[in-house]
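**Student:** Input: one structure, supplied below.
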């Protein structure tokens with residue numbers, strides 16, 4: 001063989017071999033030990049639509065985070081004013097804009113402004129009062145608002161990541177998106193409902209005292225004592241499935257929150273054989289808890305989770321050591337999930353599911369089977385057609401086609417790309433279109449042969465003339481694929497990826513590889529007759 | 001084997017008036033159909049709402065499912081049998097966007113389970129909030145817009161070696177888009193305006209090949225959208241991908257014809273333009289039909305065997321390939337000819353003066 005041809009064949013073989021190496025992990029069930037030590041072992045990733053799973057987009061209600069931040073600042077300010085001996089008539093949060101304040105003595109205005117400027121730099125202070133009365137509106141600056149919102153999203157992301165890690169999902173994909181959104185992809189999750197509940201739960205744990213001094217009945221009729229609120233305990237009877245709602249009259253003030261929790265575990269109550277969640281507090285939380293229980297013996301302490309009462313046991317004694325437990329009618333799974341969310345911490349703001357796509361594993365399998373079947377049938381039609389129409393040359397084009405499919409598979413695992421159902425459609429489409437390059441070349445060769453040229457000369461001219469056209473035609477499709485990749489999501493992206501890989505691979509196989517074979521036959525072996 | 005005998009000479013260009021009439025009629029029909037229906041039939045991806053694919057184990061009719069959903073107040077959903085017969089698979093579409101979407105699929109599952117007393121297999125749930133639907137719609141339209149823009153730039157640059165012109169075009173288009181979008185215009189209108197500007201610029205800057213190709217593209221996508229509206233299919237995200245692929249495919253065909261025209265123009269300098277064009281179309285005819293046949297074959301396989309989820313995608317491709325093949329013969333090149341006619345008349349007038 002001529003040196004030039006040997007080189008080209010060598011390069012083609014090398015590419016083929018590398019493609020094969022990248023494909024082996026996806027084909028074979030188990031890899032030998034020596035393989036994974038220096039060769040790729042990643043399988044082709046299957047998209048959620050093929051292997052089943054959940055795709056979620058959450059929106060963090062960041063304004064709620066701003067709200068609770070303002071709430072906290074309001075409390076802090078009350079303390080500061082008391083400390084500074086500034087008496088105020090009213091101090092309250094106004095929506096998510098800021099805080100309104102009116103002072104009792106107009107003479108305190110200057111003192112307050114100094115205090116506010118040093119302690120509360122996040123606010124623009126505007127005087128809304130007159131000579132008689134000092135009143136102020138403290139508006140949260142846009143910069144501070146953005147910071148709080150961004151922090152809320154970052155924290156939510158971190159918390160959700162923690163929860164999913166503890167829930168145990170292989171290869172989850174969690175990433176922030178613009179507009180306070182979080183994208184979550186969980187492949188292969190069997191129980192979507194449970195996973196979604198686990199992710200979406202705010203898990204704001206609060207301890208509040210039950211107000212036994214006032215009448216619950218009167219409160220239910222609308223006479224809620226100041227500083228109180230009504231919350232409900234919702235329980236579902238496991239046998240009848242009946243939901244019951246029991247109201248509680250609680251003191252609004254939160255005595256302790258879940259932020260001091262260091263650990264939460266499921267334990268089984270030996271008497272009733274029911275699971276409960278035991279909590280451990282850090283030292284500060286433990287001190288607070290001891291203080292609360294010590295001061296309120298014989299009163300009821302409600303454990304409130306996301307504004308629902310979980311239980312409200314009577315405090316029998318001062319509890320030291322920083323341990324508490326949440327009982328309730330849980331089944332084992334609920335208890336386990338509750339422990340996870342309490343361990344991972346509360347979300348800084350509630351989240352709302354704005355997009356959910358769930359594909360059951362059975363549908364995914366069906367899709368793969370049907371996709372492969374259509375690929376097989378479509379491929380066979382094309383292969384037979386090419387042989388019938390172009391004879392030996394058609395068979396060479398078919399070889400290029402098969403190699404092309406091989407390269408697409410290898411390309412997918414090389415780039416760590418994801419194969420989706422539209423992606424399979426992309427491969428099928430590529431099968432139809434990839435013979436196009438060879439059709440173009442063969443038609444040119446036929447034209448040259450008709451002009452009376454020799455086989456060798458016709459091949460030369462055919463490839464040369466068709467090349468520019470093939471490149472032009474494929475570059476435009478590649479442009480489309482790139483745009484799709486840029487703007488598409490999930491499945492559409494998968495389509496763009498397989499289409500792009502398919503185009504590039506088809507250029508290689510249909511132009512480069514077939515030329516080697518033709519050159520071998522008609523230059524090396526000096527064949528004279530063209531079967532085309 | 002050969003389908004198309006060498007030396008064939010069908011008078012495609014001569015029949016361009018009839019072709020224009022046919023294409024025009026199809027496009028007008030599409031526009032009227034869309035106006036009548038109030039826009040394309042958007043799927044949940046774009047309109048927001050919930051789509052649930054369930055598999056039952058016994059025979060039930062859509063109306064039975066409807067009444068089973070009454071207790072959860074979802075009996076105004078659209079129920080449709082899906083996939084192969086005898087598999088008892090159904091699509092449940094909930095178009096309401098004002099209901100709380102979280103946990104809705106679970107409600108449906110429970111309602112069906114308690115009504116039929118059997119295990120309900122939730123095959124697929126797609127829930128898209130109204131805000132997300134709007135975002136996805138914008139993204140999809142932008143994708144269509146950018147691909148047409150990039151292609152216009154590539155073709156005018158590549159075919160007429162007028163890279164400067166195409167850069168001018170890109171810049172002015174970007175400017176127009178910037179101005180109109182700052183007025184807060186709806187993205188649909190933005191696209192329409194951008195299209196008109198693109199065509200206008202091609203005309204004005206004398207980018208005739210780009211003009212032909214872009215008109216062919218718009219023609220293909222419009223007619224495919226019309227076929228979708230006619231058969232009452234939903235436009236979803238993957239269908240947009242199919243539309244863009246049709247753009248790529250149709251362009252592929254068009255470019256191959258254009259390439260041949262350029263080559264033949266150099267070879268036969270003395271022959272009239274229309275004749276060279278017709279010759280080029282005839283010379284590439286064999287390839288055009290062959291590639292369309294193989295592509296059509298595989299897409300047909302996908303259409304028949306690919307299953308419900310990919311069915312509409314395959315349908316779009318099927319229509320697109322047929323229309324794209326037609327347009328590369330009957331639309332793209334004749335458009336250039338209209339232009340050429342104008343040129344000549346103008347030159348003639350100048351001479352007459």
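Since every read-out is calculated from the coordinates, none of them should be taken as a lab result. The structure presented is a predicted model; accordingly, all values stated were derived computationally and were not measured. With ideal geometry, Cβ positions are generated from the backbone for all residues, glycine too; neighbour counts draw on all protein chains shown.
**Student:** How tilted is helix B:104-116 with respect to the longest principal axis of chain B? Cα atoms for both, answer in degrees (0 to 90, nearest 10).
**Tutor:** Around 50 degrees separate the two axes.
**Student:** At R0 = 30 Å, how high is the FRET efficiency between residue B:61 and residue A:197 if r is their beta carbon distance? Nearest 0.05 is fine. Intermediate results must be reported in sequence, preceding the final value.
**Tutor:** Values: r = 33 Å, r/R0 = 1.10.
With R0 = 30 Å, the Cβ-Cβ based efficiency is 0.35.
**Student:** Which of the peptides A:422-432, B:285-295 is most tightly packed, and how do the rest follow, going by the mean number of other Cβ atoms within 10 Å of each residue?
**Tutor:** A:422-432, B:285-295
**Student:** Got a sec? How would A:389, B:249 order by Cβ neighbour count within 10 Å, fewest to most?
**Tutor:** A:389, B:249
**Student:** Take the alpha-carbon positions of the range A:63-145, form their convex hull, and give its projected area averaged over all directions (one quarter of the hull surface) in nm².
**Tutor:** That works out to 4.8 nm², a quarter of the Cα hull's surface.
**Student:** Please determine, in degrees from 0 to 90 and to the nearest 10, the orientation of helix B:308-330 with respect to the longest principal axis defined by the Cα atoms of chain B, where the helix direction is its Cα long axis.
**Tutor:** Taking the Cα atoms of chain B, the angle to B:308-330 is about 10 degrees.
**Student:** State the Cα centre-to-centre distance between the range B:225-261 and the range A:347-392 in whole Å.
**Tutor:** Centre-to-centre distance over Cα atoms comes out at 20 Å.
**Student:** Looking only at Cα atoms, what is the convex hull volume of the range B:49-128 per residue, in Å³?
**Tutor:** Here the figure is 77 Å³ per residue.
**Student:** Please compute the contact order of the range A:63-145 in relative form: average sequence separation of alpha-carbon pairs under 8 Å and at least six residues apart, divided by the residue count, as a percent.
**Tutor:** 25
**Student:** Which value, in Å³ per residue, describes the convex hull spanned by the Cα atoms of the protein assembly as shown?
**Tutor:** 249
**Student:** Compute the angle between helix A:455-487 and the longest alpha-carbon principal axis of chain A, please, reported from 0 to 90 degrees and rounded to the nearest 10.
**Tutor:** 10
**Student:** Report the label-to-label distance for residue A:113 and residue A:307 in nanometres (one decimal), using points 7 Å from each Cα along the Cα→Cβ vector.
**Tutor:** 3.9
**Student:** Classify the range A:37-83: rounded, prolate or oblate, from the alpha-carbon gyration tensor (a ≥ b ≥ c, eigenvalue square roots; a/c under 1.5 rounded; otherwise prolate if a/b is larger than b/c)?
**Tutor:** Judged from the Cα gyration tensor, the range A:37-83 comes out oblate (a/c at least 1.5, b/c at or above a/b).
**Student:** Now for a different question. Enumerate the residues in the range A:147-186 having an amide nitrogen under 18 Å from the point lying 7 Å beyond the Cα of residue A:259 toward its Cβ.
**Tutor:** Within reach of a label on residue A:259, which here means backbone N under 18 Å from a point 7 Å along Cα→Cβ, the range A:147-186 contributes A:147-160.
**Student:** When DSSP assigns beta bridges and you keep just the ones with both residues in the protein assembly as shown, what percent turn out antiparallel, to the nearest 5?
**Tutor:** Restricted to the protein assembly as shown, the bridges split so that about 95 percent are antiparallel.
**Student:** Moving on to the next point. Please order A:520, A:272 by the number of other Cβ within 10 Å, starting at the fewest.
**Tutor:** A:272, A:520
**Student:** From Cα pairs below 8 angstrom and at least 6 apart in sequence, can you work out the relative contact order of chain B, rounded to a whole percent?
**Tutor:** Contact order relative to length: 22 percent.
**Student:** Can you give the mean number of other chain Cβ atoms that lie within 10 Å of the Cβ atoms in peptide B:308-320?
**Tutor:** 3
**Student:** What is the gain in length, in nm to one decimal, between residue A:3 and residue A:18 on full extension, counting 0.36 nm per residue of separation less the C-alpha to C-alpha distance?
**Tutor:** 3.1 nm
**Student:** Roughly what percent of Cα-Cα pairs across chain B reach past 27 Å?
**Tutor:** For chain B, the share of Cα pairs beyond 27 Å comes to 56 percent.
**Student:** Per residue of chain B, what 222 nm ellipticity follows from adding -39500 (n - 2.57) for every DSSP H run with n ≥ 4, rounded to the nearest 500?
**Tutor:** Helix contribution divided over all residues of chain B: -24000 deg cm²/dmol.
**Student:** Residue by residue through B:280-290, how many Cβ atoms from other chains fall within 10 Å of the Cβ on average?
**Tutor:** That average works out to 3.
**Student:** Whole Å is fine, so just give me how far the alpha carbon centre of the range B:31-77 lies from that of the range A:272-338.
**Tutor:** 46
**Student:** What ranking, highest mean first, results for peptides A:371-382, A:33-44 when packing means the other Cβ atoms within 10 Å averaged over each residue?
**Tutor:** Per-residue mean Cβ counts within 10 Å order the peptides as A:371-382, A:33-44.
**Student:** How high is the FRET efficiency between residue B:304 and residue B:340 when r is their beta carbon distance and R₀ equals 41 Å, given to the nearest 0.05?
**Tutor:** 0.40
**Student:** What FRET efficiency comes out for the pair residue B:26/residue A:362, r = Cβ-Cβ distance, R0 = 45 Å, nearest 0.05? Please list the in-between numbers first.
**Tutor:** Working: r = 41 Å, r/R0 = 0.91.
Calculated transfer efficiency: 0.65.
**Student:** Counting other beta carbons within 10 Å of each residue's own, what order do A:250, A:58, B:141, B:21 fall into, fewest first? Kindly include the intermediate steps, with their values, before the conclusion.
**Tutor:** Working: A:250 23, A:58 27, B:141 18, B:21 11.
Fewest-to-most ranking of A:250, A:58, B:141, B:21: B:21, B:141, A:250, A:58.
**Student:** Need one number: nm distance between label points at residue A:34 and residue A:166, each 7 Å from Cα along Cα→Cβ, rounded to one decimal.
**Tutor:** Simple spin-label model gives 4.6 nm for this pair.
**Student:** Along the Cα→Cβ direction, 7 angstrom out, place labels at residue A:215 and residue B:191. What is the inter-label distance in nm?
**Tutor:** That separation, rounded to one decimal, is 6.5 nm.
**Student:** Please identify which residues in the range A:296-331 have an amide N closer than 19 Å to a label point set 7 Å out from the Cα of residue A:280, following the Cα→Cβ vector.
**Tutor:** It comes to A:319-327, nothing else.
**Student:** If you count, for every residue in B:49-60, the Cβ atoms of partner chains within 10 Å of its Cβ, what is the mean?
**Tutor:** On the way: counts 0, 1, 1, 1, 4, 1, 4, 0, 0, 0, 0, 0.
Mean shielding count: 1.
**Student:** Counting pairs of alpha carbon atoms under 8 Å apart in space and at least six apart in sequence, what relative contact order in percent does the range B:185-261 give?
**Tutor:** Computed over the range B:185-261, the figure is 30 percent.
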